[in-house]
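The values are calculated or read from the model by the stated rules, or taken from the named source; none is laboratory data. Note that the structure is predicted; figures quoted are calculated from it, not measured. Using ideal geometry, Cβ is built from the backbone for each residue, glycine included, and neighbour counts are taken over all protein chains shown. What goes into the accessible areas is simple: the full protein's heavy atoms, side chains included, and nothing from ligands, DNA or RNA. Shrake-Rupley method; radii C 1.70, N 1.55, O 1.52, S 1.80 Å.
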Amino acid sequence: MSVLRTKPIKDVLAQGDADGSDGGLGLRRRLGAVDLMGFGIGIVIGTGIFTLTGIEAKNHAGPGVVISFGIAGLVALLAALCYAELAASVPTAGSAYTYAYATMGEIAAWIIGWDLLLEFALGSAVVARGWSGYLASLFNLPSAWFAEEGSIVNLGAIAIVLILGVVGIVGIRESARVTNLLVLVKVAICVFIVVAGLFFVKAANLSPFIPSAEPAGGGEDGIRQPVTQAIFGMEPSVFGFAGVLTAAAVVFFAYTGFEAVANLGEETRKPRRDLPLGILGTLLISTVLYIAVSLVVVGMVRYTDIDEGAPIASAFKAVGAGWAAVLVSIAAIAGLTSVILVDLVAMGRIGFAIARDGLIPPSIAKVHPRWGTPYRISAIMTIGVALLAGLLPLSALADLVSIGALCAFVLVSIAVPILRRKRPDLDRPFKVPFSPVLPIVSALACLYLMLNLSVETWIRFLIWMVLGGIIYFGYGYRKNRLARREAAATEEPTPAPH
């Protein structure tokens, strides 16, 4: 048995065509292109606008954070094109995990699946704590139970995760309706922020657009400095174009959600048409909004004076428009709610795909006969995220979400030319242009952004990967479906010669 064995494409397509109405291992097709864009925008437009804009402008890029969002958006677009081709050709749950299983082999699939679970679990937990904080500030709730800092158990974060977990388990259509409603609210508020904020933009706040590089404080040295600076022995610094790149690597966290759309391939009515529309439409709308909002924020307030906790709301307060800050807080709550919901839905589908293949116990992949969702694995994931969100201050681990997504995007980009070579006959309704050049550029760009994350983030990421390796070799390597099929084939007696 080999860790490089691949899952036959015919098996992937057969699973995608299965119907889960009998409680089997297939999911029901109930989503269209608008629903997919709703899910995508629901997860992408959230933390990036409401928190990361201020943090990265103040600490790394200054007004150049606008360029950071543009760079991150361009890299995300390259990866999204690769996702769109694979999603349209092989519409299935699990997205990057399944693509890797069909192209690069089982060990690569496990690494990427384990990586994606980390990304979505930490992402939803971090956002849940942010949601709880916004709620507390809006309604003056006690910080002991709702604040990011100072709370022993964050009841607000636990409550929102459990509530949205139930919504995700009860049905994908119900999740889509809730998400679409929340998306309408926050997109409308984002447009309002841009239009209203333009009246308060001052040219002086945008100069210099990229502040000169300066030595980093004590918090940016050692294992907290970017890998690129550590490798080349550069003095730790912030701002300058290096700061813009560091900010781009961090705000990439904001774009990672579009891959959640690819996870809904088995629940899309016309996946070959709607998945590329959902993925690329999500990224286009989100990138435009991110660049516009970040430009307005750094134009309203000098980057050195930005409030990291609530950059947009505080910007309106600083210019005497406190009434607008209330609307921003409402939009933040709506925005972060949809992020948590889509994270939980996507995480359940990834776990479902891994369990269905037997890399973790397949009994937890059962689909509910009425709701048509993988309710067991979704419930397990929801409880796990609720515990993380309630008990651990996860803001310091947010970079792990970025490195997890970038790692997945590297492997997806590589998978496109590999699958074209292995299966040139496969029907591809959408094709990445200029392949294999563009997928290779995508992989290198993602890898470069990974190297602009801190040494500390890489260490934590490698520890998570080692833990995943222990689970794989301790259980999945011999217990999965392909391994059992190989074992059964070797045990069949050879027919006696006549």
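Yes or no, residue by residue, for (1) outside any helix (DSSP H, G or I); (2) closer than 27 Å to LEU36 by Cβ; (3) in contact with a helix residue (DSSP H, G or I) (Cβ under 7 Å, 6 or more places away or on another chain):
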| site | (1), (2), (3) |
| --- | --- |
| ALA313 | no, no, yes |
| GLY320 | yes, no, no |
| ILE340 | no, yes, yes |
| THR373 | yes, yes, yes |
| ILE377 | no, yes, yes |
Next on the checklist: Yes or no: the stretch 259-270 includes at least one residue that is modelled with pLDDT of 80 or more, in a helix (DSSP H, G or I) and either more than 21 Å from LEU31 (Cα to Cα) or open to solvent by 10 Å² or more (accessible area, probe 1.4 Å) (or both).
Outcome noted: no
Checklist outcome for this item: In the set ILE414, ILE383, the lone residue that is under 20 Å from the mean Cα position of the chain (by Cα) and over 24 Å from ALA76 (Cα atoms) is ILE383
Item to check | Odd one out for GLY54 among (1) closer than 30 Å to CYS190 by Cβ; (2) open to solvent by 10 Å² or more (accessible area, probe 1.4 Å); (3) more than 18 Å from the chain's Cα centre (by Cα) | outcome: (2)
Next on the checklist: Going by what's in this entry, would GLY62 be described as in contact with a Phe, Trp or Tyr (Cβ under 7 Å, 6 or more places away or on another chain) and modelled with pLDDT of 80 or more?
Outcome noted: yes
Next on the checklist: Go through the stretch 241-258 and report how many residues are surrounded by fewer than 24 Cβ atoms within 10 Å (Cβ to Cβ) and modelled with pLDDT under 85.
Outcome noted: 1
Checklist outcome for this item: Here, helices (runs of 4 or more DSSP H) confined to the stretch 37-108 with at least 3 residues that are closer than 25 Å to GLU308 by Cα are 53-56, 65-89
Next on the checklist: When you check LEU400 against the structure, is it part of a helix (DSSP H, G or I), crowded, with 19+ Cβ neighbours inside 10 Å, modelled with pLDDT under 85 and not polar (S, T, N, Q), yes or no?
Outcome noted: yes
Next on the checklist: For the stretch 458-473, give me each residue that is of a type in the set (A, V, I, L, M, F, W, C) and closer than 26 Å to PRO226 by Cβ.
Outcome noted: TRP458, ILE459, PHE461, LEU462, ILE463, TRP464, MET465, VAL466, LEU467
Checklist outcome for this item: Listed by first then second residue, the pairs whose first member lies in the stretch 413-436 and is of a type outside the set (Val, Ile, Thr), whose partner is open to solvent by 70 Å² or more (accessible area, probe 1.4 Å), with beta carbons under 6 Å and at least 6 positions apart or on separate chains, are PRO429/ARG272
Checklist entry - Does the stretch 332-340 contain at least one residue that is within 24 Å of ALA408 (Cα to Cα), polar (S, T, N, Q) and either open to solvent by 10 Å² or more (accessible area, probe 1.4 Å) or at pLDDT 85 or above (or both)? => result no
Checklist entry - open to solvent by less than 10 Å² (accessible area, probe 1.4 Å), touching a residue at least 40 places away in the same chain (Cβ under 8 Å) and under 16 Å from SER402 (Cβ atoms): does that describe ALA96? => result yes
